[in-house]
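The values are calculated or read from the model by the stated rules, or taken from the named source; none is laboratory data. Predicted, not measured: the structure shown is a model, and the values here were computed from it. No Cβ is skipped: glycine too gets one built from the backbone with ideal geometry, and neighbour counts run over all protein chains shown.
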Amino acid sequence: MKRVCIAVLALLLLVFLPLGGVKARADKEDSEIVIERDSGRILFEKNAREKRGIASLTKIITAIVAIENADLDRQITVPAECCGIEGSSVYLKPGERLTLSDLLYAMMLRSGNDAALAVAVSVGGSVENFVAMMNDFARRIGAHDTHFANPHGLNAEGHYSTAYDTALCLAYAMKNETFRSIAGCKNKTIPGEEGNRYLKNKNKLLFSYDACTGGKTGYTVAAGRCLASAAQKDGMELVSVVLGCSPMYENSQKNFEDCFARYSLVKIVDKDEFRFEADVFRGKNKAEGYVKESFCYPLADGEREAVRTETVPDNAAAPLSANEKIGVMNIYLENQLIFSQKIFTIFGVDKKFDFREPLENWAVW
């Protein structure tokens, strides 16, 4: 009987230890963040700066890098080395021809790893060159805790990001109309050698949450379930990322709703209404100034009173032309600088005639 019990225990350990190993990884505390798309203000975060695998959220960067660097109508002949890759696939065949746009839909809606490789080879000339473009992109937009080793997100040494960096990437990408149309597409039909391929977006939040405007799902055993998504209400678009989160749809929607309830988008500066006057040394009159951008910011109840605008004039001297910089406008929340932009002249300012000056200082009488 003792031997039977030992054998049964050993069998149970063999059965449950692998599951226990996966559960231990799944039980690691997840990373979550919500930011406002345009300002980048963090509205909610949890472990958002931890470096982790992001699985197929990688394809957000693959897509925007391709969109910014290639003609999407270009016909692509699928290389053999892009076919038969592990994980999610749209089962590309060597030699079949699709447009780059078709491959992006296949990659974003169905998470085709084969499509991601075909995009990388087509746009970068090689996977290595394209991955270098992805890393350059990450550095350019400030995703400094990110490094890519491939264009699809399968586990690889040196392939990682953070919830914060991934949110920066999606916020940037969602400002591109082509990316938005792909990431927010629910269904798409693209060509195939054996008939059309019907693509249904894997992102269930697009179907269950009316405010959702787009996003990307991801999963590997090591990274867990991951979701980067965007949602819009009352003119404010938020970006959410959850990494290693089993209830990724539920948590993402809850985070969106909590942040929509707490914050609203407030126009702090209207470029059409902003006016500025500054003294000009030896000018016939004061300089009138304008700014080129309006500025909106997400604020919680009670924060509007903590916002202050400061205008700092330059020590400008006449003569001045129109559209010359004459100062800076800074906006603070409490004592934190949240926005800054230059102030420019609306009109030129002539120099005031002064009989005390030498005549050679005057080009025109």
Residue count, segment 117-137 (criterion: without any contact (Cβ under 8 Å) to a residue 40 or more places away in the chain and within 19 Å of the chain's Cα centre (by Cα)): 4
Selection status of ALA48, small (Gly, Ala, Ser), in contact with a Phe, Trp or Tyr (Cβ under 6 Å, 6 or more places away or on another chain) and buried (at least 20 other Cβ atoms within 10 Å of the Cβ): yes
Subset of segment 181-219 [of a type in the set (S, T, N, Q) and in contact with a Gly (Cβ under 6 Å, 6 or more places away or on another chain)]: ASN203, THR213
ASP114 vs. criteria among the charged types (D, E, K, R) and free of Cβ contacts under 8 Å to residues at least 40 places away in the same chain: yes
Extreme residue, surrounded by the fewest Cβ atoms within 10 Å (Cβ to Cβ), among residues of segment 139-174 that are among the aliphatic types (A, V, I, L, M) and touching a Phe, Trp or Tyr at 6+ places or on another chain (Cβ under 7 Å): ILE141
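Yes or no, residue by residue, for (1) surrounded by fewer than 16 Cβ atoms within 10 Å (Cβ to Cβ); (2) among the small types (Gly, Ala, Ser); (3) within 26 Å of the chain's Cα centre (by Cα); (4) modelled with pLDDT of 95 or more:
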residue	(1), (2), (3), (4)
GLY289	no, yes, no, yes
CYS296	no, no, yes, yes
ALA306	yes, yes, no, yes
GLU310	yes, no, no, yes
ASN315	yes, no, no, no
ALA318	no, yes, no, no
LYS325	yes, no, no, yes
ASN330	yes, no, yes, yes
LEU333	no, no, yes, yes
Strands (runs of 3 or more DSSP E) wholly inside segment 24-98 that include at least 1 residues being of a type in the set (A, V, I, L, M) and within 23 Å of the chain's Cα centre (by Cα): 31-36, 42-46
Some residue of segment 181-195 being under 25 Å from ARG139 (Cα atoms) and surrounded by 17 or more Cβ atoms within 10 Å (Cβ to Cβ): yes
